[in-house]
1. Would region 118-125 turn up any residue that is within 11 Å of the ligand (Cβ to nearest atom) and surrounded by fewer than 17 Cβ atoms within 10 Å (Cβ to Cβ)?
2. May I ask you to say which residue of Asp61, Asp69 is under 15 Å from Ser7 (Cα atoms), of a type in the set (Asp, Glu), open to solvent by 60 Å² or more (accessible area, probe 1.4 Å) and out of contact with any His (no Cβ under 9 Å at 6 or more places or on another chain)?
3. So which of Met96, Met149 ends up being farther than 25 Å from Lys66 by Cα, away from the ligand (no atom under 16 Å from the Cβ) and aliphatic (A, V, I, L, M)?
4. Identify the residue in region 1-37 that is in contact (Cβ under 8 Å) with a residue 12 or more places away in the chain and part of a loop (DSSP other than H, G, I, E, B) and, among all such residues, is nearest to the ligand (Cβ to nearest atom).
5. Under 7 Å by Cβ, and 6 or more places apart or on different chains, what pairs join a residue from region 61-76 that is in contact (Cβ under 8 Å) with a residue 12 or more places away in the chain with one that is among the aromatic types (Phe, Trp, Tyr) and within 16 Å of the ligand (Cβ to nearest atom)?
6. Could you check region 38-61 and list, in sequence order, the residues that are under 22 Å from Ala99 (Cβ atoms) and of a type outside the set (A, V, I, L, M, F, W, C)?
Amino acid sequence: MRIKIISVGKLKEKYLTAGIAEYVKRLSRFGQVEIVELADEKTPDKASEKENAQILSKEGDRILAKLTDRDFVFSMAIEGKLISSEELSTSLEQAMQQASTLVFIIGGSLGLDPRVKKRANALISFGRITLPHQLMRLVLTEQIYRAFMIREGSPYHK
Ligand SMILES: C[S@@+](CC[C@H](N)C(=O)[O-])C[C@H]1O[C@@H](n2cnc3c(N)ncnc32)[C@H](O)[C@@H]1O
């Protein structure tokens, strides 16, 4: 099984790099984990709606180019379906029965292109708060690890 995390924008903070590396290491016993970091577009402070849509579209093209029809895609979006850690675990279980590659997508500062949301098999939210994309990467790797721990009935999840 492969777990792929596609993220728009660079990971710059060392304190997050270490945390993400730790969860990727822990996850590696469940499958091959890959993080695909895609370039983001510069977002001018006073961009028009049209300019923002163009930026999202360019980033969306890069994301879509990394997907295959066989992938099971979780797109992360604030307005998506609110799920608990237990529900994420169940979703992973179901996704693994349908596909050998699970892809999680984190957008850049403007979010995700509508086409990426449409392509998703599941559009999920970790709450109505806005997390910066770098922190989201850490939270997501921990939650995927937690989902596997829940599946194993491990006391990691209390
Ligand atoms: C800085 S946020 C983007 C904010 C943007 N204004 C929006 O509404 O999507 C960067 C990315 O992190 C992810 N993200 C941030 N907070 C999230 C949350 N509470 N639930 C799910 N994904 C989140 C999403 O993939 C988002 O595209």
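1. yes
2. It is Asp61.
3. Met149 is the lone residue from the list that is farther than 25 Å from Lys66 by Cα, away from the ligand (no atom under 16 Å from the Cβ) and aliphatic (A, V, I, L, M).
4. Gly9
5. Sorted first by the residue in region 61-76, then by its partner, the pairs are Phe74/Phe104; Met76/Phe104.
6. Gly60, the sole residue that qualifies.
The values are calculated or read from the model by the stated rules, or taken from the named source; none is laboratory data. Here the structure is a predicted model, which means the values were calculated and not measured. So basically every Cβ, Gly included, is an ideal-geometry build from the backbone, and we count neighbours across all protein chains shown. Keep in mind that these areas ignore ligands, DNA and RNA; they rest on the heavy atoms of the full protein, side chains included. Shrake-Rupley method; radii C 1.70, N 1.55, O 1.52, S 1.80 Å.
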